[in-house]
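The values are calculated or read from the model by the stated rules, or taken from the named source; none is laboratory data. Keep in mind that what you see is a predicted model, and the values were worked out from it rather than measured. As a convention, Cβ positions derive from the backbone with ideal geometry for all residues, glycine included, and neighbour counts pool all protein chains shown. Heavy atoms of the whole protein, side chains included, go into the accessibility calculation; ligands, DNA and RNA do not. Shrake-Rupley method; radii C 1.70, N 1.55, O 1.52, S 1.80 Å.
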Amino acid sequence: MITAAAQGNGFLSPTGVEIAFVLVGLATLGAAAVTVTTKQLVHAALWLVVALGGIAVEYLLLTAEFIAWVQVLIYLGSVVVLLLFGLMLTKAPIGRSPDADSGNRPVALGVALVAAAALVWVVVDAFRTTWIDLDGPAQGSTEATGAFLFRHWVLPFEALSVLLLAALIGAIVLSRKDAPTTGAPAPAADKKGQS
């Protein structure tokens with residue numbers, strides 16, 4: 001439950017959960033940085049697994065266990081597997097890929113820094129005087145989240161499942177495409193000993 005400014009808690013007296021939250025957040029940030037800077041596509045996908053797993057741990061630390069397991073099942077269990085299958089089916093290079101960098105790093109870094117600053121400012125401004133009481137009733141429980149999700153967000157939830165199904169069918173169609181026939185005649189049979 002979110003209450004007004006916390007009684008007795010603050011930045012100078014962090015709890016164990018808050019320390020774990022910061023440490024897992026730093027590890028997740030590091031994994032995300034390696035994901036976007038590595039030149040090996042398979043390594044990028046595997047570091048993405050670490051980053052998404054770190055986000056699931058953050059949800060668990062915030063007592064939102066349903067969202068944490070959805071993160072594990074959908075992102076780690078589906079999206080990353082789909083990404084790895086896409087890498088394998090398109091015959092992407094497994095080793096270092098010097099052409100994986102488009103040369104737009106300064107622009108991408110600038111956009112990323114501006115987006116990060118905007119997100120941090122919005123979150124700090126929105127939650128400046130609030131405190132999440134992790135010992136109160138579970139707001140992220142399966143019952144509360146499921147009731148809210150299927151009462152207000154049924155249509156987007158189903159649209160997302162159709163979108164993922166379409167992406168999977170598209171990957172299968174692209175991977176099973178037969179090579180076009182050129183209409184060339186079949187090679188003549190070997191006429192050894194027919195003289």
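For the stretch 63-89, the residues whose amide N sits under 15 Å from a probe point set 7 Å from the Cα of ILE172 along the beta carbon direction are 82, 86. Summary of packing: across the peptides 35-42, 19-26, the per-residue average of other C-beta atoms within 10 Å ranks them, highest first, as 35-42, 19-26. Compared with the direct C-alpha span, the chain from THR37 to PHE148 gains 36.2 nm at full extension, assuming 0.36 nm per residue.
Accessible surface of the stretch 42-93, 1.4 Å probe: 81 percent of it comes from carbon and sulfur atoms. Using the Cβ-Cβ distance between ALA126 and THR90 with R0 = 41 Å, the FRET efficiency computed as 1/(1 + (r/R0)^6) comes to roughly 0.50.
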